[in-house]
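What follows draws every value from the coordinates through simple rules; no lab data is involved. Source: prediction; values computed, not measured. Here the Cβ is made from the backbone with ideal geometry for all residues, glycine too, and neighbour counts use every protein chain on show.
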Amino acid sequence: MRLSVVLAVQEGAHRLDAVLTALAADLPSGVEVLVVWPGDDDAVARQVERLTPPERTWLRPLPAPAGALVPALWTHGIERATAPRVALTIVHCVPVAGWLQRLVDIDLSRWAGVGGPIDQRPGSDALGWAIYLQRYAPFASSCSPDALGEVPEIAGDNALYDRAALDAVSGSWDDGFWEPAVHAALRAGGARLAMDPGLRVLHHNGYSARGFCSQRLRHGYRFGRDRALGFRTVTAIAYAAASPAVPLLFGRKVLVRALGLRGARAQLPGALPWLAVFIAAWSLGEISGAHAALWSRAGVR
């Protein structure tokens with residue numbers, strides 16, 4: 001086996017057919033695709049059963065623990081992958097032609113991980129644009145280097161990793177593959193990350209507004225908690241005290257990025273109401289996580 005692809009499915013079960021069809025149309029030899037979803041999501045389970053006929057021997061259905069978020073789904077898949085290189089993606093990203101072959105061909109001798117651009121599909125609605133701008137705009141093709149080159153961060157939703165490099169920092173992803181923590185551990189060990197403009201996917205949103213809002217809240221909580229726990233006590237206190245400013249700071253960052261992104265400015269008026277909701281959800285999670293970390297340091301449960 002040359003390549004293991006871990007495909008996380010959280011909501012968006014109706015998108016699975018399009019992703020698997022794209023993969024099947026462009027499948028090199030020696031590739032396995034592990035479809036991982038929360039074990040309590042019956043809708044995904046039915047879709048996976050329907051889309052996994054015997055002739056698709058390259059597919060491995062892999063239910064994960066109930067309620068698992070995407071980072072936990074990725075960890076569940078990585079732990080069961082058999083190839084020396086592991087790619088991560090989600091059901092909301094449809095690969096363009098040549099994506100799998102590029103994953104096989106990329107030279108990982110210099111890099112621990114290589115990410116690719118995530119672009120918004122044409123014709124997306126306002127909800128899809130809001131989700132894209134909040135989550136993926138930094139990784140658009142127009143923000144990526146013209147050739148494969150070193151970058152400080154990549155998105156796990158479209159990324160390839162050297163399995164040996166991941167195993168060397170396994171403690172950073174054993175309870176979920178949260179990219180900031182994993183990438184920080186890789187860089188601390190001297191490993192490097194790169195962006196490859198040829199490794200491109202298109203974002204096809206499959207989340208409901210409620211589902212994405214819930215995800216942002218939970219992801220924000222984890223980010224705030226982990227960030228505060230990584231600080232010294234005095235810094236953590238200052239971070240928690242300043243955390244009510246998160247909505248303004250984060251919102252400004254997202255808006256500036258959207259205004260500078262080709263094709264996004266015209267979509268911003270329609271996406272703005274949803275964007276405000278998602279920024280608020282993330283901010284509430286981050287603030288709660290930062291304060292929870294302080295209570296944890298104080299030994300309060």
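A few notes on this one:
- Applying a DSSP loop filter and a limit of 13 other Cβ atoms within 10 Å to the trypsin sites (Lys or Arg not before Pro) in the stretch 37-119 leaves Arg110.
- Amide H partners (placed H, <5 Å) of Cys93, local residues excluded: His204
- In terms of other Cβ atoms within 10 Å, Val31, Val104 run from fewest to most in the order Val104, Val31.
- Per-residue Cβ neighbour rank within 10 angstrom, fewest leading, Asp146, Asp167, Asp162: Asp146, Asp167, Asp162
- Against the chain, whose longest principal axis is taken from its Cα atoms, helix 268-297 shows a tilt of about 70°.
- Couplings 3J(HN,Hα) of the stretch 128-144, computed from phi: x, 5, 4, 5, 4, 5, 6, 10, 10, 3, x, 10, 5, 4, 5, 9, 9 Hz, in residue order, whole Hz [Karplus 6.51 cos²θ - 1.76 cosθ + 1.60, θ = phi - 60°; x for Gly and Pro].
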